[in-house]
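To start, the structure itself, in structure tokens.
The values are calculated or read from the model by the stated rules, or taken from the named source; none is laboratory data. Quick caveat, the model's predicted, so the values are computed rather than measured. Cβ atoms come from the backbone with ideal geometry, glycine included; neighbour counts cover every protein chain shown. The area values use the complete protein model at the heavy-atom level, side chains included, leaving out ligands, DNA and RNA. Shrake-Rupley method; radii C 1.70, N 1.55, O 1.52, S 1.80 Å.
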Amino acid sequence: MKDLILEHVAKRFGDKTVLRDVNLVFPPDSVNCVMGPSGCGKTTLMRIIAGLAEPDSGTVTGRPEKISFVFQEDRLCEDFSAAANIRLVTGRSVTDGEIEKCLVSLGLDGSAHRPVRELSGGMKRRVAIARALCFRPDLLILDEAFKGLDEERKQLTMERILAEKKGRIIICVTHDPAEAEYMGGKLILLDKPEQRELGGSAERIIT
């Protein structure tokens with residue numbers, strides 16, 4: 001697995017510059033937390049990294065084939081069970097037992113065969129995360145993946161993700177400094193030009 005490299009990435013929507021000259025390197029076996037104010041381009045950057053959007057200029061190289069993206073929305077099939085939602089992306093590459101084990105590790109005991117529509121919002125979040133983990137990606141993108149979880153379940157979920165970091169690139173978008181601190185790794189501050197300079201050792205990107 002190679003480094004994932006962004007060089008001089010820029011993106012505009014109409015007259016608005018969302019990303020400008022972004023240069024980043026994500027090595028294998030790394031955890032990276034991206035923070036910044038609303039509207040600074042965090043989700044756009046994640047979509048470009050995943051290949052779901054094209055930059056107006058610049059390049060993305062080293063993008064792995066297996067990518068899991070936990071969006072801000074759960075994007076689950078409500079009438080399918082939790083296990084069936086996972087099967088939609090994994091096929092038969094994982095066993096029923098492995099799916100059950102992953103769900104249990106996220107505090108979803110007994111939920112594998114329940115229709116998703118019967119689950120609470122926090123449970124749906126964790127099903128979406130379980131689906132991403134069961135795909136066994138080389139690149140795992142988490143776009144505000146922990147919203148809606150109480151502190152106990154949030155910590156359980158972060159621990160589960162960190163237990164799977166070996167051999168992967170993990171990129172986590174968050175507004176919560178406590179989440180970024182717990183996840184560890186490199187902190188990337190994605191700011192608008194008018195934002196004043198922040199201290200610390202974080203890598204700073206001006207959009």
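Considering only region 96-105, I want to know if a residue exists there that is aliphatic (A, V, I, L, M) and in contact (Cβ under 8 Å) with a residue 40 or more places away in the chain. No, region 96-105 contains no residue that is aliphatic (A, V, I, L, M) and in contact (Cβ under 8 Å) with a residue 40 or more places away in the chain. For PRO55, are the conditions met, namely being assigned to a loop (DSSP other than H, G, I, E, B), more than 24 Å from LEU149 (Cα to Cα) and not acidic (Asp, Glu)? Yes.
On the given criteria, is ARG87 in a helix (DSSP H, G or I), basic (Lys, Arg) and touching a Ser or Thr at 6+ places or on another chain (Cβ under 7 Å)? The answer is no for ARG87. Of all the listed residues (LEU108, LEU190), the sole one being assigned to a loop (DSSP other than H, G, I, E, B) and more than 15 Å from the chain's Cα centre (by Cα) is LEU108. Looking at ASP79, ASP56, ASP29, ASP3, just one residue is among the acidic types (Asp, Glu) and either touching a Ser or Thr at 6+ places or on another chain (Cβ under 9 Å) or surrounded by 18 or more Cβ atoms within 10 Å (Cβ to Cβ) (or both), and that residue is ASP3. For region 90-130, the tally of residues that are closer than 19 Å to ILE67 by Cβ and open to solvent by 40 Å² or more (accessible area, probe 1.4 Å) stands at 1.
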